[in-house]
Amino acid sequence: MKRMIIFCMLFFCSTMMLTAASPRTLKYKQIKKKIEDLQTMVKDKDAELLHTPENFVEGCLSTAVTCFKKGVQKLQPVSSQDKVAFHKAIRIVNRFTYRDSGEHCESYETKTCESYEKKSPKEFLKSFENLMQMVSKVHSSWMLSDILQIITDILSLHPYQQCLVFTALQELI
């Protein structure tokens, strides 16, 4: 009974960790918000078309991030009134870094930024926003798999070792 209560507490704490936003998740949300803001501030008519990555491959998102960061440099504000807010949003988006394993990039990695179709700045930003949603989902799934792995490891221990873990957890609580 005691073990069951501690297991329930462990499960509750792990779900609370998932619902609490990590600093990285908050950063992704901030960048996504700035991309949305840029969509209203960017010059779309008579603007340079930008190479726009699409059909992102999980495990190979850093290549697309690099292309978007290059393209963001070419965006222009729609009016001079928005220049300060526009440049601030560009700076925040440019600070975004993302690294993934690169395991699934065999055919995808050979693509250069210039090999993607050119699209309008608003379409470019919409695709960037879609990439940010995918990055956020990948990050969340990594956190969930880490927590589930810890719980699985605890449950796969010998009952005596489980008892030691539960005793240690009980002392923490």
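The values are calculated or read from the model by the stated rules, or taken from the named source; none is laboratory data. Worth saying up front: this structure is predicted, and the values here are computed from it rather than measured. Because the Cβ atoms are built from the backbone with ideal geometry, glycine has one as well, and the counts that use them run over all protein chains shown. The area values use the complete protein model at the heavy-atom level, side chains included, leaving out ligands, DNA and RNA. Shrake-Rupley method; radii C 1.70, N 1.55, O 1.52, S 1.80 Å.
Have a look at THR63, THR40 and point out the one that is at pLDDT below 85, more than 14 Å from LYS118 (Cβ to Cβ) and of a type outside the set (A, V, I, L, M). Explain how you work it out, then say what you get.
Working: THR40 fails: at pLDDT below 85.
Exactly one of THR63, THR40 is at pLDDT below 85, more than 14 Å from LYS118 (Cβ to Cβ) and of a type outside the set (A, V, I, L, M), namely THR63.
Residue check, PRO53 against (1) in contact (Cβ under 8 Å) with a residue 60 or more places away in the chain; (2) more than 14 Å from LEU131 (Cα to Cα); (3) not in a helix (DSSP H, G or I), all met but one. Which one?
Only one criterion is unmet by PRO53, namely (2).
Hey, could you check segment 35-50 for residues that are open to solvent by 50 Å² or more (accessible area, probe 1.4 Å) and in a helix (DSSP H, G or I) and say which is nearest to SER120 (Cα to Cα)?
THR40
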